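Okay, so here's the structure we're looking at.
Please treat every number below as a calculation from the coordinates, not as lab data. Every value quoted in this text rests on a predicted model; they were computed, and no experiment measured them. Here the Cβ positions follow ideal geometry from the backbone for every residue, glycine too, while neighbour counts run over all protein chains shown.
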């Protein structure tokens, strides 16, 4: 019985060695190149974003998968929508989005509208806030990019230098 086990062991080892060292046998698996995850996520978002969602005038997060976890804001969540960026009126009606991915517009309100901050999402490049437009009919909640939110009352549109 011991002799049979030795023969089987030697036979198995011999087969293993001969297949490993066999000349002309290619066992390499073809390499597949996959784009980095952030490029895949960004491409998916671009493909699924509603066409009416405008580009932002400031940098957005390059990898949506690296964005932070939303956290509750707290008691004093008073803020104002601000459609001005770098002294220029970008959005007279500030757009609120479904998420930090900005796949679709879910609500909008005029520059200067008071809102209540519900959640805050700290991200690598651009922070987002989930806000509620007080007293507005539903849908009255959505995510706004940080530059379009002010913690102080904002200037009326008529007082802006580039208003008509």
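For this structure, a couple of remarks:
- Label-reachable residues, segment 43-80, where backbone N falls under 14 Å from a point 7 Å from residue 104's Cα toward its Cβ: 48-53
- At q = 0.14, 0.17 Å⁻¹, base-10 log of I(q)/I(0) for segment 48-125 (Debye sum, equal scatterers on each alpha carbon): -0.53, -0.81
- Stokes-Einstein diffusion of segment 34-164 at 4 °C, 1.567 mPa s viscosity, Kirkwood radius from Cα pairs, rounded to a whole number: 84 µm²/s.
- Stretchable slack from residue 39 to residue 72, in nm (0.36 nm times residue separation minus alpha-carbon distance): 8.9 nm
- For the peptides 62-72, 112-122, the ranking by packing is 112-122, 62-72, with the highest mean count of neighbouring Cβ atoms within 10 Å listed first.
- Extension gain from residue 119 to residue 49, taking 0.36 nm per residue of separation minus the Cα-Cα distance: 22.9 nm
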